[in-house]
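Colleague: Please see the structure below; I have some questions.
Each value in this text was obtained by applying a stated rule to the coordinates, not by laboratory testing. On a predicted model such as this, the values are computed, not experimentally measured, just so you know. Here the Cβ positions follow ideal geometry from the backbone for every residue, glycine too, while neighbour counts run over all protein chains shown.
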């Protein structure tokens with residue numbers, strides 16, 4: 001059974017309560033369960049880690065090296081500012097999917113730039129909670145080709 005690492009960045013622990021007009025009412029646990037169900041349907045394990053601290057997420061990426069077949073990351077606001085997270089992702093050789101519940105391209109200008117985008121395989125954005133399932137589907141498609 002291969003492992004997919006799902007990382008959730010700052011404030012994602014507040015999903016379901018925080019800015020529901022933008023992010024919806026699904027909780028992080030519900031989003032993770034959608035991703036886990038998709039991973040399990042193809043015989044893979046999903047490991048989830050959430051932190052409001054940049055360094056914890058960097059360490060999680062480091063820990064995935066030579067252990068996980070892929071990383072799905074919703075880095076939250078760190079998407080737009082964390083060069084440390086970008087560097088960690090650059091050092092990871094597996095499939096990497098950047099995930100956003102909303103569509104950052106249609107939001108405030110500061111959200112429209114992703115410093116991690118150059119280091120990921122692809123991005124899933126704007127599909128709300130379904131994006132978690134779609135991101136895992138993308139991982140499975142990419143890893144099936146290898």
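Colleague: Looking only at segment 116-146, which residues have a backbone nitrogen under 11 Å from a spot 7 Å from the Cα of residue 29 in the C-beta direction?
Modeller: Residues passing the 11 Å test: none.
Colleague: Moving on to the next point. How much mean residue ellipticity at 222 nm does the chain get from its helices, if each DSSP H run of length 4 or more adds -39500 (n - 2.57) and you divide by all residues, to the nearest 500 deg cm²/dmol?
Modeller: Value at 222 nm, helices only: -10500 deg cm²/dmol.
Colleague: Restricting to Cα pairs below 8 Å that are 6+ residues apart, what does the relative contact order work out to for segment 3-144? Please round to a whole percent.
Modeller: 28
Colleague: Under the 0.36 nm per residue contour assumption, what length would be gained going from the current alpha-carbon distance of residue 80 and residue 19 to full extension?
Modeller: That pair, residue 80 and residue 19, stretches by 20.1 nm at full extension.
Colleague: Let me make sure I get this right: for segment 29-146, a, b and c are the square roots of the gyration tensor eigenvalues over alpha carbons, sorted descending. Under 1.5 in a/c it's rounded, otherwise prolate if a/b > b/c, else oblate. Which is it?
Modeller: Because a/c hits 1.5 or more and a/b fails to exceed b/c, segment 29-146 counts as oblate.
Colleague: Rounded, prolate or oblate, given the Cα gyration tensor of segment 1-46, with a/c below 1.5 counting as rounded?
Modeller: Cα axes put segment 1-46 in the prolate bin.
Colleague: Which value in nm describes the separation of the simple spin-label points at residue 56 and residue 87, placed 7 Å from the Cα toward the beta carbon?
Modeller: Label-label distance for residue 56 and residue 87, simple model: 2.2 nm.
Colleague: How much length is gained on full extension from residue 3 to residue 37, taking 0.36 nm per residue of separation minus their Cα-Cα distance?
Modeller: Going from the current span to full extension adds 10.9 nm.
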